[in-house]
Amino acid sequence: MLNIASQNIAAPYIEDASYIALRELSIGYQLPDKWLKNSLFRGVRISAFGRNLGYLQRHLTHVAPEAAMYSTRTTDIGIEYLPLPMTRNIGVKLNVEF
């Protein structure tokens, strides 16, 4: 038995919660200056991005590693309780210089 915060927790119930997550990915393209020679623009860049895209590695299954742990009872320490999922964002950006 392992004593954590005055709670006796058996070793088989302790999980490895380490993980590697893909938090942000961005790819872009800057239009060549020769394409913009006869236009109002000095520079144009278009890019696509994604945030919270997923986990590359995690040891827990069916549980988000960064899930909120909440309980008013001390016997529920470390229990996943009503976590909200991470929001995944995907979008496109257009940057224009005049």
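The values are calculated or read from the model by the stated rules, or taken from the named source; none is laboratory data. In this text the structure is predicted, and so the values were computed from the model without any measurement. Cβ sites come from the backbone with ideal geometry, for glycine too, and all protein chains shown count toward neighbours.
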Go over the candidates 29, 13 one by one and state the one that is of a type in the set (Ser, Thr, Tyr) and at pLDDT 75 or above. 29
Output for Cβ contacts, cut-off 6 Å, separation at least six or different chains, first residue closer than 30 Å to residue 14 by Cα in segment 79-94, second at pLDDT below 95 and aromatic (Phe, Trp, Tyr), reads 81/70
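From 92, 44, grab the single residue that is of a type in the set (A, V, I, L, M), surrounded by fewer than 11 Cβ atoms within 10 Å (Cβ to Cβ) and either more than 13 Å from residue 17 (Cα to Cα) or modelled with pLDDT under 90 (or both). Don't jump to the end; show me each part of the working.
On the way: 44 fails: surrounded by fewer than 11 Cβ atoms within 10 Å (Cβ to Cβ).
Going through 92, 44 in turn, just one is of a type in the set (A, V, I, L, M), surrounded by fewer than 11 Cβ atoms within 10 Å (Cβ to Cβ) and either more than 13 Å from residue 17 (Cα to Cα) or modelled with pLDDT under 90 (or both): 92.
Out of everything in segment 74-89 that is surrounded by 10 or more Cβ atoms within 10 Å (Cβ to Cβ) and either part of a loop (DSSP other than H, G, I, E, B) or in contact with a Ser or Thr (Cβ under 7 Å, 6 or more places away or on another chain) (or both), what residue ends up being modelled with the highest pLDDT? So that I can check it myself, show each step before the final result.
Here is the first cut: in segment 74-89, the residues surrounded by 10 or more Cβ atoms within 10 Å (Cβ to Cβ) are 76-81, 83, 86, 88-89.
The next check asks that each one be either part of a loop (DSSP other than H, G, I, E, B) or in contact with a Ser or Thr (Cβ under 7 Å, 6 or more places away or on another chain) (or both); those that pass are 77-79, 81, 83, 86, 88.
Working: 77: 58, 78: 57, 79: 61, 81: 61, 83: 66, 86: 78, 88: 92.
Looking at the filtered set, the residue picked out is 88.
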